[in-house]
1. Restricting the search to the stretch 359-397, which residues are part of a helix (DSSP H, G or I) and out of contact with any strand residue (DSSP E or B) (no Cβ under 6 Å at 6 or more places or on another chain)?
2. Scan the stretch 415-425 and tell me whether some residue there is touching a Leu at 6+ places or on another chain (Cβ under 7 Å), open to solvent by 50 Å² or more (accessible area, probe 1.4 Å) and within 17 Å of Tyr376 (Cα to Cα).
3. Out of everything in the stretch 274-294 that is part of a helix (DSSP H, G or I) and of a type in the set (Ser, Thr, Tyr), what residue ends up being nearest to Phe397 (Cα to Cα)?
4. Asp81 - would you say it is at negative phi and either under 29 Å from the mean Cα position of the chain (by Cα) or open to solvent by less than 80 Å² (accessible area, probe 1.4 Å) (or both)?
5. Those residues that are within 23 Å of Ser218 (Cβ to Cβ) and modelled with pLDDT of 95 or more, I need them from the stretch 319-334; list them, please.
6. Residues that are part of a strand (DSSP E or B) and either on the phi > 0 side of the Ramachandran plot or open to solvent by less than 20 Å² (accessible area, probe 1.4 Å) (or both): does the stretch 91-105 have at least one?
7. Can you name the residue in the stretch 312-347 that is assigned to a helix (DSSP H, G or I) and small (Gly, Ala, Ser) and is also surrounded by the fewest Cβ atoms within 10 Å (Cβ to Cβ) among such residues?
Amino acid sequence: MRFLSCTLAAALLVGAAISSLAQSLPRRAFVGINLRPITDSIQHARKLPGKNGILVTGVRPQSSAEAAKLQANDVVLRLDDQEVRDVPHFVGLLKQYKVGDKSTLTLLRNGKTMRQRLVFIPYPTETSPRYTVEYGSVHAGPNHLRTLVTRPVGVSKQAKVPLVLIIQGVGCYSIDNPLIPDDVTRRMVDSLSRHGYATMRVDKTGMGDSQGTPCQESTFRMEADGYKAGLAAIQKLAWVDQHNIFLTGFSIGGILAPLVAEGAPIKGIVTWGTASRTFIEYLLQNKRYQSELAGMPYDQLNRQQQLYAAVLHLLLTEKQTPAQVLAKYPNAGDLLRFPQHYTYMQQWQDANLAEAWKKLDTNVLVLRGEADFISYNEDQQLIVDIVNREHPGRATFQLLPNVDHGFTRARTPLESMQLGEAPNPEKNFEFMNVIVRWLDDKQKQRT
């Protein structure tokens with residue numbers, strides 16, 4: 001099942017311009033492997049004994065992997081004495097290694113098992129002709145999180161600069177991707193920088209350089225606390241226009257946004273393809289809609305929904321563990337697959353999003369792509385209705401044509417689903433023009 005996600009990412013600023021976000025996290029090691037999970041089709045095509053391991057799809061120049069002579073189509077089976085289960089497990093294993101460490105990879109290449117020595121070198125930093133970047137950090141509970149603050153070039157040191165805190169989608173991935181110039185988040189930062197906006201990104205715990213709780217074990221509240229810590233750090237930056245701080249929440253970022261903004265002087269919030277009803281309501285609709293798009297027979301779909309409703313009640317309302325749920329419904333394993341820990345999902349269900357939106361007195365722009373099969377108009381309109389009932393005229397909803405949840409150019413949800421396996425589907429970034437125009441308009445309003 002696919003649901004709310006946003007797979008969804010300059011030279012260091014000289015001096016003490018962002019002293020409250022001083023560099024205090026070591027740079028992670030640069031392994032330099034493009035990878036993907038072992039799917040059924042990959043397992044069959046390569047005659048693999050199982051789906052454990054990861055497939056190398058490319059090796060980046062000047063990386064540890066290149067020095068170790070790794071090649072595309074290698075299958076990594078072990079890292080030192082640890083068997084590699086899947087992509088998140090492999091990424092987690094890599095976190096234990098520091099720059100200068102050495103390890104041994106056990107590979108399958110052309111049907112033969114081999115071992116390669118890997119020496120870890122430091123990861124590059126992000127650069128851009130449009131903005132400077134400060135690599136800093138914040139603390140949130142037990143976690144030490146990487147922050148990236150950008151400032152547009154050409155802005156005088158005396159100028160107060162509006163800033164956008166970017167809240168990413170669900171799942172365990174880093175927003176610090178200096179080697180991917182077409183990374184979606186970087187393109188957003190580039191667009192905002194061209195129009196005079198500074199930005200902040202906060203990496204999730206256990207991802208990128210961030211240290212602390214492994215991402216796959218983190219919770220909904222823990223993630224919100226990380227963004228709150230980032231927002232608190234922004235409010236200490238002397239060069240930021242404190243009257244023009246905005247949040248953008250993509251996918252689950254739009255769910256977190258009102259919780260992060262609570263009690264803070266936020267000028268406005270932009271959401272993209274998000275949800276606002278209870279998690280169970282959303283999941284049931286999402287499962288039905290995606291199953292219909294996939295052509296599931298309606299009698300089978302009905303049985304699926306009955307089982308799903310029972311499973312979700314036990315997991316999300318009764319707060320049982322997946323093991324307890326499966327003990328009662330052993331055939332429900334596929335219905336319990338989530339991109340985060342089950343406690344994350346339980347806390348999402350407990351969040352009163354209507355109350356969170358009701359508390360806010362700020363401008364809100366709610367966006368959704370017309371080809372999105374992961375979010376729904378009902379949720380977007382509900383946010384607008386909640387906000388406008390308390391503060392008439394403060395919120396608007398816009399449905400944008402020819403774009404889906406992940407910013408791929410598509411005309412319909414079905415086309416978007418069919419493009420899901422395409423290697424490099426065309427993106428449609430017209431939505432950034434909509435966002436920038438709205439930000440510019442709200443900047444002109446007095447607080």
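The values are calculated or read from the model by the stated rules, or taken from the named source; none is laboratory data. Just so we're clear, the structure is a prediction, and the values are computed from it rather than from any experiment. Cβ sites come from the backbone with ideal geometry, for glycine too, and all protein chains shown count toward neighbours. Note: accessible area is taken over every heavy atom of the protein model, side chains too, but ligands, DNA and RNA are not part of it. Shrake-Rupley method; radii C 1.70, N 1.55, O 1.52, S 1.80 Å.
1. Scanning the stretch 359-397 gives Lys359, Asn377, Glu378, Asp379, Leu382, Asp385, Ile386, Arg389, Glu390.
2. No, the stretch 415-425 contains no residue that is touching a Leu at 6+ places or on another chain (Cβ under 7 Å), open to solvent by 50 Å² or more (accessible area, probe 1.4 Å) and within 17 Å of Tyr376 (Cα to Cα).
3. The qualifying residue nearest to Phe397 (Cα to Cα) is Tyr282.
4. no
5. Lys319, Gln320, Thr321, Pro322, Ala323, Gln324, Val325, Leu326
6. Yes.
7. Selected residue: Ala323.
Matching residues to (1) aliphatic (A, V, I, L, M); (2) within 23 Å of Gly32 (Cα to Cα):
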{"position": "Ser191", "(1), (2)": "no, no"}
{"position": "Thr199", "(1), (2)": "no, no"}
{"position": "Val202", "(1), (2)": "yes, yes"}
{"position": "Thr213", "(1), (2)": "no, no"}
{"position": "Phe220", "(1), (2)": "no, no"}
{"position": "Glu223", "(1), (2)": "no, no"}
{"position": "Gly226", "(1), (2)": "no, no"}
{"position": "Ala229", "(1), (2)": "yes, no"}
